[in-house]
Structures are given as structure tokens and as C-alpha cells.
Amino acid sequence: MKQRPVYIVDDEPEIRGALSLLLSTLGVETEEYASAEGFYENAPVNEPYCVLLDNRLPGLSGVDLLPRLVERSSSACVIMMTGHGDVPTAVKAMKLGAYHFVEKPFDAEALLAVVEEALDYSRREAGPGAEAQKFRERRETLTDREAEVFALLMEGHPSKVIAARLEISTRTAEHHRGAVLRKFEAKSLPALLRIALSVKN
């Protein structure tokens, strides 16, 4: 069976071209769209797929389009792209159903790894019961301080804000953040958010 293309939604043709070229190194075909509206008209329905979606678009924004895509296909793996490093917006995207978020300019190897992971995830059947149990067990291993850091991470706060809230140094906050990621076996903040949100009722 032919693999579905990875969709790229970005209003900058240079970005679309660069991403298509990069993904071709994985043997992945792509389809490009310059607007959210254009992609929505052609987005698959009730089928798994992967899309790289820019947040800042003319007309409908990426964050505005996101819930519509998730409603249309619960197996959609939406990777949000932003050039602004806005953590609260990224957390909002994850809560709306994004699979991951990446910042421009891209780290090529990291982006390819995220796309491969998303393609694999979109093909697999999720086991929410088992995942929920695993999540609870891992959360129980957190210390009281790590649990506080975890809660603030879920609200989208960066390490400096977490440090101020808990009256600890930024370095200590980073240390606890790293411990939380390790205990949940999450490689990044988006991965941690995805784990937590996937089991939240």
C-alpha cells in the first residue's frame, strides 16, 4: 500500500520547498498548501495522516484550524510550526490535539525524527487503558517538588517562571524539569504534554 504524503501548510513557498526537500531524504512524498483553508478543503476524513502546520497563516491560523482537523480525524498527527518560541501557544496547541510542536529555524535531524515518530504513531492503534495505568504509576514516582514542577509545566510555564513561583533558582527548576521528563520517559516537553493529555479525561 502506498504511504500517504506528509502535508505541509505554510504561506512561505521557500519554507514549503525546504521541508519537501528535507522529507524526501526519508523517502516521504509531500503535498504543499499555502493556507489553512486550502488544506482543510482537502484534508483526509477519518483517516490517519501527518501534517506540518504553521501557526501564523493569512486568514485562518494554525491554532484555529487545529481543532477542526482533530474533529475530522482523531488519528491526525498535527505538528505545529512556530517561529516565535511562544510556550503558552504551544501548550494550547497540544491541549487542542497537536501531536508535537517545533520552532523555526528547524533542526533538520530533530524534525525528521518527529515526523518519523508521528507517521509511526498515526499507523498504530492506541491503547488508552494501558497508557493511563502507566501514566499513573510514573506520576507516583515524582517527589513533592517534582509534582509541583510537573503541574506548572502543564500550565505552559517556562523554567524561569517555575523558579519564581516555587522560589528556587532557575538551575534547580531545570534540574527538576529534567527529572520529570526522565521519569515519564519523555524526550521533550511536547512529548510530556502528549502523554499527560492523552490519558486526561
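Quick one: how many lysine pairs does the chain have with C-alpha atoms less than 25 Å apart and a gap of 8 or more or different chains? Give me the count, please. Within the chain, the lysine pair count is 21. With a Förster radius of 30 Å applied to the beta-carbon distance between residue 61 and residue 143, the computed FRET efficiency rounds to 0.20.
The label point for residue 171 and the one for residue 108, both projected 7 Å from the Cα toward the Cβ, are 3.6 nm apart.
Rounded to the nearest 10 degrees, the inclination of helix 13-24 to the longest alpha-carbon principal axis of the chain is 80 degrees. Once the Cα atoms are used to define both axes, helix 170-183 deviates from the longest principal axis of the chain by about 70 degrees.
Computed from the Cβ-Cβ distance with R0 of 35 Å, the FRET efficiency linking residue 11 to residue 46 stands at 0.80. For the pair residue 161 and residue 134, the difference between a 0.36 nm per residue extended length and the Cα-Cα distance amounts to 6.8 nm. Size of the stretch 6-123: Rg and Dmax of its alpha carbons, in Å, are 12.7, 34.
Cα-based values for the stretch 128-198, radius of gyration first and Dmax second, are 11.8, 38 Å. Each of residue 26 and residue 70 was given a label point 7 Å from its Cα along the Cα-to-Cβ line. The distance between the two points is 2.1 nm.
With a cut-off of 12 Å between beta carbons, the residues surrounding residue 6 carry a summed charge of -2, where Lys and Arg count +1 and Asp and Glu -1.
The angle separating the long axis of helix 144-154 from the principal Cα axis of greatest extent in the chain is about 30 degrees.
How big is the C-alpha Rg of the chain next to the rule-of-thumb value 2.2 N^0.38 Å, as a ratio?
Normalised by 2.2 N^0.38 Å, the Cα Rg of the chain equals 1.06.
At an R0 of 30 angstrom, the distance between the Cβ atoms of residue 120 and residue 154 translates into a FRET efficiency of 0.75.
Just so you know, all these numbers are worked out from the coordinates, no wet-lab data involved. Computed from a predicted structure; not experimentally measured. With ideal geometry, Cβ positions are generated from the backbone for all residues, glycine too; neighbour counts draw on all protein chains shown.
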